[in-house]
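Undergrad: Sharing a structure here in structure tokens format.
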Amino acid sequence: VAVSVDDAARPEQSFQHGFPPSDGRGSVTRTYHRGMEGRKVAFAAAALAGIAAAYGFRRWRPSRIEVEGGSMRPTLEEGDWAIAFRTRRLHRGDVVVIEHPDRAGFELVKRVTHLPGDLAPDGLGLVDRVWVEGEHPDGSSDSRTFGPVPMGLVRGRVWVVWWPPGRIRALGPR
């Protein structure tokens, strides 16, 4: 491809491949690959972000929770939507999702009040179990009803309420 430059101050020149000839002061820089390094870096960054996201989803297994009932009011209201992540470490005051010990597949959202190694309110020591309670003792089905919950039935810790928009917030230990 030849490019013709029409400039009144200079005589007409023809450049093959769109590059001017060398004037003897240095080599001609070819620019048709300009930006390739930037694209490689962007691709590598996107690939690393994808791998990190996949690892995060596999490691913490986020799940969406819809709150039904008022046993956790005012922390969680009926109709709130929250995100829970699987966690290995619990703290007193964490809001957790547990599977009901007597009803397989039925999940509850409660607050951890006693951890493994503590003495539970029923007088027994907790070994690989947690004691959970709702915010309203009269209207809550919790450890006061079914006893301590095995750690294997703790599905995750509730981290954030994301719906409705007026109630968006992070949850931490109380």
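The values are calculated or read from the model by the stated rules, or taken from the named source; none is laboratory data. Source: prediction; values computed, not measured. FYI the Cβ positions are ideal-geometry reconstructions off the backbone, even for glycines, and counts take in every protein chain you see. Side chains are part of the model used for accessible areas, which takes the heavy atoms of the whole protein and leaves out ligands, DNA and RNA. Shrake-Rupley method; radii C 1.70, N 1.55, O 1.52, S 1.80 Å.
Undergrad: Could you go through the stretch 128-137 and let me know if any residue there is more than 22 Å from GLU68 (Cα to Cα), open to solvent by 80 Å² or more (accessible area, probe 1.4 Å) and out of contact with any helix residue (DSSP H, G or I) (no Cβ under 8 Å at 6 or more places or on another chain).
TA: no
Undergrad: Now a separate question. Looking at (1) touching a Gly at 6+ places or on another chain (Cβ under 6 Å); (2) open to solvent by 80 Å² or more (accessible area, probe 1.4 Å), which is the one condition that is false for LYS110?
TA: (2)
Undergrad: Then there is this: Can you name the residue in the stretch 154-169 that is assigned to a strand (DSSP E or B) and open to solvent by less than 80 Å² (accessible area, probe 1.4 Å) and, of all such residues, is nearest to VAL127 (Cα to Cα)?
TA: Among those that are assigned to a strand (DSSP E or B) and open to solvent by less than 80 Å² (accessible area, probe 1.4 Å), it is VAL154.
Undergrad: Right, next: Taking the stretch 138-153 on its own, how many of its residues are open to solvent by less than 80 Å² (accessible area, probe 1.4 Å) and farther than 17 Å from VAL97 by Cα?
TA: Number of matching residues: 1.
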